[in-house]
Amino acid sequence: MASPTEVRTVREPAGKAASAIPWDVLAAVAGGGAIGSVLRWSTSLVWPGPVSTFLVNVLGCLAIGVLMCVITELVTPHHLLRPLLGVGVLGGFTTFSTYVTDALRLALSAPLAALGYLLATVLCCLFAVFVGVIATRAVARGLRREAA
């Protein structure tokens, strides 16, 4: 979803009939989502089932941590970068709906394993975001030292 700032930049000035659709943002999200979904589907061909879902969610969260650190702390990004990469590519790549479906299927035969899968995924995804942010900050500090 576009931030209020992004939406504001494509709407007409106050007083005019507004409700313009931010077509550039919509196109960025749609194109990125197509790419991310194909990447996720490709991963499921290599590792079918819950293993694939776990891997894409953890890797996607790691990438989200890196991306958000870069675009909020290190650079002034183009206004379409976050919708394209964050919402589109990484939103299409990660799949928490499949995560829940996998857990429900697993619960039918192995309830404790399903509970472990649910908890491990959430904890690993949160940790991956944290690692992405911390690692990106460390790399940025190192690059700044080298440049100085």
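The values are calculated or read from the model by the stated rules, or taken from the named source; none is laboratory data. Owing to the predicted nature of the structure, the values given are computational and were not obtained by experimental measurement. Quick reminder, even Gly has a Cβ in these numbers, built from the backbone with ideal geometry, and neighbours come from all protein chains shown. These accessible areas exclude ligands, DNA and RNA; they are computed on the full protein's heavy atoms, side chains included. Shrake-Rupley method; radii C 1.70, N 1.55, O 1.52, S 1.80 Å.
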message: Could you derive backbone 3J(HN,Hα) for region 62-71 from the dihedral phi with the Karplus parameters 6.51, -1.76 and 1.60 (θ = phi - 60°), listing whole Hz in sequence and x where the residue is Gly or Pro?
response: 4, 5, 5, x, 5, 4, 5, 5, 4, 7
- prompt: Residues of the chain: accessible area per residue at 1.4 Å, in Å²?
  reply: 62 Å²
message: Compute the angle between helix 96-109 and the longest alpha-carbon principal axis of the chain, please, reported from 0 to 90 degrees and rounded to the nearest 10.
response: 10 degrees
- request: Using a 1.4 angstrom probe on the protein heavy atoms only, line up Phe130, Phe96, Phe54 by accessible area, largest first.
  value: Phe130, Phe96, Phe54
statement: Per the beta carbon screen (other Cys under 4.7 Å), unpartnered cysteines of the chain come out as Cys69, Cys124
- line: For the chain, the percent of accessible surface on carbon and sulfur atoms (probe 1.4 angstrom, ligands and nucleic acids excluded) is 74 percent
query: With the calculation restricted to Cα positions, what are the radius of gyration and Dmax of region 24-147 in angstrom?
result: 16.4, 56
message: For Asp24, project a label point 7 Å along Cα to C-beta. Then give me every residue of region 79-119 with its amide nitrogen under 18 Å of that point.
response: 79-88
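Using only the heavy atoms of the protein chains and a 1.4 Å probe, how would Ile35, Ile64 rank by accessible area, largest first?
Ile35, Ile64
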query: By how many degrees, between 0 and 90 and to the nearest 10, does the Cα long axis of helix 23-46 differ from the longest principal axis of the chain?
result: 20 degrees
- request: Only helical DSSP H runs with n ≥ 4 go in: add -39500 (n - 2.57) per run for the chain, normalise by residue count and round the 222 nm mean residue ellipticity to 500 deg cm²/dmol.
  value: -24000 deg cm²/dmol
- prompt: Under a plain spin-label model, where a point goes 7 Å from the Cα along Cα-to-Cβ, how far apart in nm are Thr72 and Leu119?
  reply: 2.8 nm
